[in-house]
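One structure is given below, encoded as structure tokens.
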Amino acid sequence: MPPKVEYDNYRIHWKSLNKKNPYLITENEIVKKKHLTTNQGVPITDNQNSLTVGERGPVLLQDVQFVEKMAHFDRERIPERVVHAKGAGAHGYFQVYKSMARYTKAKFLQDPKKKTPVFVRFSTVTGGRGSADTVRDPRGFAVKFYTEEGNYDLVGNNLPVFFIRDAIKFPDMVHAFKGAPDNNMPSASSAHNRFWDFISLTPESTHMIIWLFTDRGTPKSFRMMEGFGVNTYVWVNSKGKAVYVKYHWKPKLGVQSLDRHEATRLAGVDPDYLTRDLWNTIAKGGEVEYELNVQLMEIADELEQDFDPLDPTKTWPEDKFPLMPVGKMVLNRNPDNFFAEAEQAAFCPASIVPGIEFSADKLLQGRTFSYADTQRHRLGPNYLQLPINRSTVEVNNNQRDGAMQLGKFNGPVNYEPSSIAGGSPQEAPAGTPRIYQVDGKVTRQKISKTNDFEQAGEKYRSLSKRDKEHLVDNLIADLIHIDKPIQQRIIKNLTQVNPKLGESVAKGLKR
């Protein structure tokens, strides 16, 4: 930034500086200086000194300027996210290539000329707000579409599978991954007994471990990593016909990763490496682009597969369910205020629009509750009124009051149905519904098609020689710190993935 230049009663508006010559200042680029005020709008004439009894006396409680400033400062932090606490965000737009009316009635997926505004938040999963960007960890890839039918949140990760298949295990998983209850260590790494103890006793995690411990677990840039919806959703068209859908974001720059040694180095010298890369790219006028692809499966084909298509620890084979390009997403604007936008941005898989529905995926079913619930805890019951979360269409309902209520309401009616004031708002007209029957015994039961090691083995066999070597090296580097009984359980699971993999890790741990 060029040196600051002061003028009487004026200041430089840096955002409008001449781009060709940042030191050249024109008359239009000088704006009238704003004066400090309290939150009540009262002018502040001295922001350097507290109100005291004499030059060296005690500070007075009646210094309302000091009290307001300090009281706000004491409350500037809100609870950080339990997971995905460290994140970066950007604004942009989504544009469909052609109408998807054959598969879904969602309006934002119909007109190729329309640009739907989006806000995207990238994140690490395990570490706290101050953790490093380059640690081995899944990366969150959450997209908020501001559509004409309300907001739609597509909340996913940079890896196509997950550690567990039932949301009831999510608290235990996170507890095992985060800091220990006795000493709070470690908070942002996997090389500890608790992580691997949980993994070794949860065979369904094995497929995720194979992905995570390749170099995919340490992406080089948010601009160079894929995104996946992970869960299975349902698209419904205007005739009520439904299909299963899986989401894939493909980066225009291709997938690039860091090796373990470079990721570790960067965690020390530049812990905000990925955040800085995204911000600087856009700040310099660059754009970040991804292509949205989907896999589709007929509902009738669900039970014909040798795996459970609703199992988030599994992928759908692309030779049977090929990727179909849908549209592009372009990120081209940084947040103006990190806290107001990236930190207060609230995503939830339950935020859907007509034409998109939930499958019976047990992990997805749990996520539809937990994400919104944690945002009500962090931001309050009216968190959807914050500008970054607010729908671009008018919101009409009878939800009133609660902390931080910003709505302007009048009249006597806060219930429905009502005959007062014309009975408005009323229920919206229904479209063609998707009609399907759900029946069965009420039970707590694991799905029958688990195949916990089969796809993990396929993934391992698909890796190049170099990637296999890195996978083994990354696993050994972590497991060498772990107690022997846990190591043995992990080796047993890896051997079921592939005998060569188990043998290589076991050999490395004996050195």
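The values are calculated or read from the model by the stated rules, or taken from the named source; none is laboratory data. Keep in mind the model is a prediction, meaning the values are calculated, not measured. Because the Cβ atoms are built from the backbone with ideal geometry, glycine has one as well, and the counts that use them run over all protein chains shown.
Scanning region 235-264 for residues that are in contact with a Ser or Thr (Cβ under 6 Å, 6 or more places away or on another chain), part of a strand (DSSP E or B) and closer than 17 Å to residue 107 by Cβ yields a single hit, 235. The strands (runs of 3 or more DSSP E) falling completely within region 1-113 that include 1 or more residues that are at pLDDT 50 or above map to 30-32, 87-96. Quick check on region 135-157. Is at least one of its residues part of a loop (DSSP other than H, G, I, E, B), crowded, with 23+ Cβ neighbours inside 10 Å and among the charged types (D, E, K, R)? Checked against the condition, which is being part of a loop (DSSP other than H, G, I, E, B), crowded, with 23+ Cβ neighbours inside 10 Å and among the charged types (D, E, K, R), region 135-157 yields at least one hit.
Selection of region 215-234 for residues being free of Cβ contacts under 8 Å to residues at least 60 places away in the same chain and outside any loop (DSSP other than H, G, I, E, B) yields 216, 224. Look at (1) in a strand (DSSP E or B); (2) surrounded by fewer than 19 Cβ atoms within 10 Å (Cβ to Cβ) and you find that residue 120 fails only one, number (2).
Which residues, counting only those in region 396-447, are outside any loop (DSSP other than H, G, I, E, B) and among the aliphatic types (A, V, I, L, M)? Give the steps one after another, and end with the answer.
Filtering region 396-447 for residues outside any loop (DSSP other than H, G, I, E, B) gives 420-423.
Hits for region 396-447 are 420, 421.
Rundown of residues vs (1) in the same structural domain as residue 282 (by TED's automatic domain parsing); (2) farther than 24 Å from residue 455 by Cα; (3) surrounded by 21 or more Cβ atoms within 10 Å (Cβ to Cβ), yes/no style:
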position: 166; (1), (2), (3): yes, no, no
position: 192; (1), (2), (3): yes, yes, no
position: 217; (1), (2), (3): yes, no, yes
position: 240; (1), (2), (3): yes, yes, no
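As for region 395-406, it holds no residue that is assigned by TED's automatic domain parsing to the domain that holds residue 312, touching a helix residue (DSSP H, G or I) at 6+ places or on another chain (Cβ under 9 Å) and polar (S, T, N, Q).
Looking for whichever is surrounded by 15 or more Cβ atoms within 10 Å (Cβ to Cβ), of a type outside the set (Val, Ile, Thr) and over 30 Å from the mean Cα position of the chain (by Cα) here; the options are 440, 508. Which one fits? Talk me through it step by step, then tell me what you get.
Working: 440 fails: surrounded by 15 or more Cβ atoms within 10 Å (Cβ to Cβ).
It is 508.
When the residues of region 249-304 are narrowed to those that are small (Gly, Ala, Ser) and within 21 Å of residue 324 (Cβ to Cβ), which ends up surrounded by the most Cβ atoms within 10 Å (Cβ to Cβ)?
To start, the set of residues in region 249-304 that are small (Gly, Ala, Ser) comprises 254, 257, 263, 267-268, 283, 285-286, 300.
Those left that are additionally within 21 Å of residue 324 (Cβ to Cβ): 254, 300.
Values: 254: 10, 300: 8.
Across region 249-304, the extreme among qualifying residues is 254.
Within region 322-339, being over 30 Å from residue 103 (Cβ atoms) and either part of a loop (DSSP other than H, G, I, E, B) or of a type outside the set (A, V, I, L, M, F, W, C) (or both) holds for 333, 334, 335, 336, 337.
What residue, of 85, 167, is aliphatic (A, V, I, L, M) and in contact (Cβ under 8 Å) with a residue 60 or more places away in the chain? Criteria check complete, one pass: 167. The residue that is nearest to the chain's Cα centre (by Cα), counting only those in region 371-395 that are closer than 17 Å to residue 171 by Cβ and surrounded by fewer than 15 Cβ atoms within 10 Å (Cβ to Cβ), is 373.
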